[in-house]
C-alpha cells in the first residue's frame with residue numbers, strides 16, 4: 001500500500017493498493033479483514049485506489065461500503081497511477097504543471113513544444129532562437145498560475161540553464177546561444193504538439209486546457225523518417241496567431 005497525499009496514519013490520505021496487497025487482503029480471514037477496514041475507517045482516508053483492477057473485489061467492496069470508505073478501481077499500473085494522481089494533486093493544490101517539452105518566446109509570448117523525445121524539438125527550436133526567438137527551456141517546462149491568474153511558463157530551476165543536443169551533449173545555454181536570446185519565463189500563449197505520422201501535416205488550431213485555462217494548440221505531424229524543422233514551427237505559430 002502506498003500513501004500519495006499524506007502518511008497512511010493521517011487523515012485525508014489517498015491510499016494506493018497494488019495487486020499484491022489486494023491479494024493479501026482477500027486472503028485474510030473474514031474477522032481479520034473486518035478489523036483491518038475498521039481501523040482504516042478510523043484514519044479517515046480521502047480515497048482508496050485499487051490498481052490494475054477493472055472492478056472492486058466484491059469481498060472488499062462490501063466491507064468498505066459498511067465502513068463508508070470511498071474507493072475506486074483502475075486498470076492502470078500502480079506506478080503510472082501514482083504519477084497521474086500526484087500530477088493532479090500538484091495541479092489542484094500548487095497550481096503548477098510540469099511537462100516534457102521545449103519552450104520558446106516570441107514578442108514576450110511563451111510557446112511550448114511538446115512531443116516524443118528524438119523527434120527534433122530541441123534542434124528546430126535552437127534554429128528558431130538563432131533567427132530571433134527567445135529561448136526559455138529545454139526538456140522540462142514548468143507552468144504556474146500567478147496571482148493575476150496568468151499562466152507563466154519557465155524551465156525547471158535545476159536544469160533551465162542547460163541545453164541537450166546530440167552534437168554538444170549537455171551544455172550551458174550560453175555556449176550554444178547568444179546571451180541576448182536567453183529568457184527566464186513568459187506568459188504561455190501557444191502550444192505546438194509534435195507527433196509522428198505518414199506525411200508532414202499541420203492541424204487546425206484546437207483548444208486545450210491547462211490549470212483550468214483554455215489555450216490554442218496546433219498539432220504538427222512529422223514523417224516517420226524525418227525530424228521537426230524550424231519552418232514547421234513558423235507555420236504552426238502563424239496558424240496559432242490567426243486565432244489570437
Query - Options 82, 54: the member that is in a loop (DSSP other than H, G, I, E, B) and touching a strand residue (DSSP E or B) at 6+ places or on another chain (Cβ under 9 Å) - result: 54
Query - Any chance residue 76 is farther than 27 Å from residue 35 by Cβ and either in the same structural domain as residue 18 (by TED's automatic domain parsing) or assigned to a helix (DSSP H, G or I) (or both) - result: yes
Query raised in the report: Could you say whether any residue in region 111-123 is closer than 22 Å to residue 222 by Cβ, out of contact with any strand residue (DSSP E or B) (no Cβ under 9 Å at 6 or more places or on another chain) and not in a strand (DSSP E or B)?
Result: yes
Requested in this report: With the condition kept exactly as written, say whether any residue in region 226-241 is part of a strand (DSSP E or B), closer than 18 Å to residue 113 by Cβ and in contact with a strand residue (DSSP E or B) (Cβ under 7 Å, 6 or more places away or on another chain).
Outcome: no
Query raised in the report: Got a sec? Which of 137, 198 is assigned by TED's automatic domain parsing to the domain that holds residue 122, surrounded by fewer than 19 Cβ atoms within 10 Å (Cβ to Cβ) and within 19 Å of residue 118 (Cα to Cα)?
Result: 198
Query raised in the report: So residue 148 fits all but one of (1) surrounded by fewer than 14 Cβ atoms within 10 Å (Cβ to Cβ); (2) in contact with a strand residue (DSSP E or B) (Cβ under 8 Å, 6 or more places away or on another chain); (3) closer than 25 Å to residue 243 by Cα; what number is the exception?
Result: (2)
Requested in this report: Tell me which residues, restricted to region 172-182, are farther than 20 Å from residue 229 by Cβ and surrounded by 14 or more Cβ atoms within 10 Å (Cβ to Cβ).
Outcome: 173, 182
Query raised in the report: When residue 169 is evaluated against the numbered criteria (1) on the phi > 0 side of the Ramachandran plot; (2) surrounded by fewer than 17 Cβ atoms within 10 Å (Cβ to Cβ); (3) in contact (Cβ under 8 Å) with a residue 40 or more places away in the chain, which criterion, by number, is the only one it fails?
Result: (3)
Report summary line: Filtering region 62-73 down to residues that are outside any loop (DSSP other than H, G, I, E, B) and within 16 Å of residue 36 (Cβ to Cβ) yields 62, 63, 64, 65, 66, 71
Report summary line: Exactly one of 25, 59 is in contact (Cβ under 8 Å) with a residue 12 or more places away in the chain, over 34 Å from the mean Cα position of the chain (by Cα), more than 18 Å from residue 89 (Cβ to Cβ) and in a helix (DSSP H, G or I), and that one is 59
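The values are calculated or read from the model by the stated rules, or taken from the named source; none is laboratory data. Keep in mind that what you see is a predicted model, and the values were worked out from it rather than measured. Heads up, the Cβs are rebuilt from the backbone with ideal geometry, glycines too, and the neighbour counts pull from every protein chain shown.
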